[in-house]
1. May I ask you to list the residues in the stretch 7-16 that are closer than 21 Å to Phe72 by Cβ and open to solvent by 100 Å² or more (accessible area, probe 1.4 Å)?
2. Which ones in the stretch 17-30 are aliphatic (A, V, I, L, M) and open to solvent by 90 Å² or more (accessible area, probe 1.4 Å)?
3. Select from the stretch 24-55 the residues that are at pLDDT below 90 and farther than 25 Å from Lys12 by Cα and list them in ascending order.
4. With part of a loop (DSSP other than H, G, I, E, B), among the β-branched types (Val, Ile, Thr), surrounded by 13 or more Cβ atoms within 10 Å (Cβ to Cβ) and in contact (Cβ under 8 Å) with a residue 12 or more places away in the chain as the only criterion, which of Ile60, Ile40 stands out?
Amino acid sequence: MGKLERFQTLSKFKINVECAEFEKVLTATLDNLDEQVSVIAPTFAFIDPFGFKGLPMSLIHRLLRHEKTEAFINFNINN
């Protein structure tokens with residue numbers, strides 16, 4: 001059993017784990033919302049990239065255009 005399977009949350013929370021590149025997953029997610037003309041749920045995105053590659057600010061801007069959406073981006077400058 002993985003760590004997330006043991007983590008208990010309230011039923012109204014959804015945890016989705018993707019093993020893929022951040023840019024591809026977020027782009028597909030936002031494209032899907034646009035196609036369905038859906039509104040994103042209130043979101044706090046913790047973004048911890050491995051360097052600057054694959055993290056275009058235009059994509060972050062696209063995410064943050066949605067109401068009640070915040071992002072915390074951790075840039076490790078010691079590597």
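The values are calculated or read from the model by the stated rules, or taken from the named source; none is laboratory data. This structure is a prediction, so every number in the text was calculated from the model and none was measured. Quick reminder, even Gly has a Cβ in these numbers, built from the backbone with ideal geometry, and neighbours come from all protein chains shown. Note: areas computed on protein heavy atoms with side chains; ligands, DNA, RNA excluded. Shrake-Rupley method; radii C 1.70, N 1.55, O 1.52, S 1.80 Å.
1. The answer is Phe7, Phe13, Lys14, Asn16.
2. Narrowing the stretch 17-30 to residues aliphatic (A, V, I, L, M): 17, 20, 25-26, 28, 30.
Selection gives Val17 alone.
3. Pro49, Phe50, Gly51, Phe52, Lys53, Gly54, Leu55
4. Ile40
Here is a yes/no grid of residues against (1) assigned to a helix (DSSP H, G or I); (2) surrounded by 10 or more Cβ atoms within 10 Å (Cβ to Cβ); (3) out of contact with any strand residue (DSSP E or B) (no Cβ under 9 Å at 6 or more places or on another chain):
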{"site": "Glu5", "(1), (2), (3)": "yes, no, yes"}
{"site": "Asn32", "(1), (2), (3)": "yes, yes, yes"}
{"site": "Glu35", "(1), (2), (3)": "yes, no, yes"}
{"site": "Pro49", "(1), (2), (3)": "no, yes, no"}
{"site": "Gly54", "(1), (2), (3)": "no, yes, yes"}
{"site": "Phe72", "(1), (2), (3)": "no, no, no"}
